[in-house]
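All remarks here apply to the structure that follows.
The values are calculated or read from the model by the stated rules, or taken from the named source; none is laboratory data. Only a predicted model underlies this, so the values are computations on that prediction, with no experimental measurement involved. Here the Cβ positions follow ideal geometry from the backbone for every residue, glycine too, while neighbour counts run over all protein chains shown.
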């Protein structure tokens, strides 16, 4: 059983929902990410989504695009992201880490280091899941099998526009959890429609039997609590990126923790 499955099983037994913060690796400082990951766990994070910087993202709004551009300017690529995970794993063997990004860096990594190098090196670093925005499920059975053979999960997005067929295609190959994009747009855009989320999740669960997390548009404790009533996990990224942006190095971890703690409390309430 993967670390992700173990974590969700434990939370379910406790009657709790997962808090999944997203940060861009190498933002806002090249060396901050492992300490930031530990700080988020201490503040109540159950799973960490770590964004792999990429120059041409298709799902990221301006906040996360800016964070990715800054990380790239600091020299952060997939090799550096894996090194950050290894450093985090040296003192945290329990918290699942999911890499979220795009196909180009993964395929380029394999070109540079050999076939299946990404799967091998991600597993060795301690990665637990991979969410690649532009990998469609119907083309991912082999990749998903390779990840599962190394105790890693392949996570997919679903959206308000997803058809029943698409939900089933995702259900056929996904493991760990499924990430429901609650908005028609990019990250950080618009206001969350919790009524629509409540109406859509039962449809998703007719097909998807693993946990369902909800993200895009969750910005505070109130929206997190509302989503947590119907979802298995709450994913929060753009607002967290804004909170740590422009912080001096020594205040980044505390700023993230101060933001996440009331969200954790709201979910537990």
Item to check | Within region 23-39, tally of residues that are in contact (Cβ under 8 Å) with a residue 24 or more places away in the chain and surrounded by fewer than 24 Cβ atoms within 10 Å (Cβ to Cβ) | outcome: 8
Checklist entry - Among the residues of region 240-256, how many are surrounded by fewer than 19 Cβ atoms within 10 Å (Cβ to Cβ) and at pLDDT 95 or above? => result 10
Checklist entry - Do you know which of the residues in region 176-223 that are touching a helix residue (DSSP H, G or I) at 6+ places or on another chain (Cβ under 6 Å), at pLDDT 90 or above and in a loop (DSSP other than H, G, I, E, B) is nearest to residue 101 (Cα to Cα)? => result 176
Next on the checklist: I'd like to check something: does region 55-69 contain any residue that is modelled with pLDDT of 95 or more, in contact with a strand residue (DSSP E or B) (Cβ under 6 Å, 6 or more places away or on another chain) and either farther than 24 Å from residue 180 by Cβ or not in a helix (DSSP H, G or I) (or both)?
Outcome noted: no
Item to check | Single residue of 259, 216 found to be more than 15 Å from the chain's Cα centre (by Cα) and either surrounded by 20 or more Cβ atoms within 10 Å (Cβ to Cβ) or free of Cβ contacts under 8 Å to residues at least 24 places away in the same chain (or both) | outcome: 259
Next on the checklist: Could you check region 237-256 and list, in sequence order, the residues that are under 22 Å from the mean Cα position of the chain (by Cα) and not in a loop (DSSP other than H, G, I, E, B)?
Outcome noted: 238, 239, 240, 241, 242, 243, 244, 252, 253, 254, 255, 256
Checklist entry - Which one is surrounded by the fewest Cβ atoms within 10 Å (Cβ to Cβ), of the residues in region 123-161 that are in a loop (DSSP other than H, G, I, E, B) and touching a residue at least 40 places away in the same chain (Cβ under 8 Å)? => result 134
Item to check | Among residues of region 18-52, those that are in a loop (DSSP other than H, G, I, E, B) and in contact with a strand residue (DSSP E or B) (Cβ under 6 Å, 6 or more places away or on another chain), counted | outcome: 6
Checklist entry - Does region 89-105 contain at least one residue that is crowded, with 22+ Cβ neighbours inside 10 Å, modelled with pLDDT under 95 and either in a helix (DSSP H, G or I) or touching a helix residue (DSSP H, G or I) at 6+ places or on another chain (Cβ under 6 Å) (or both)? => result no
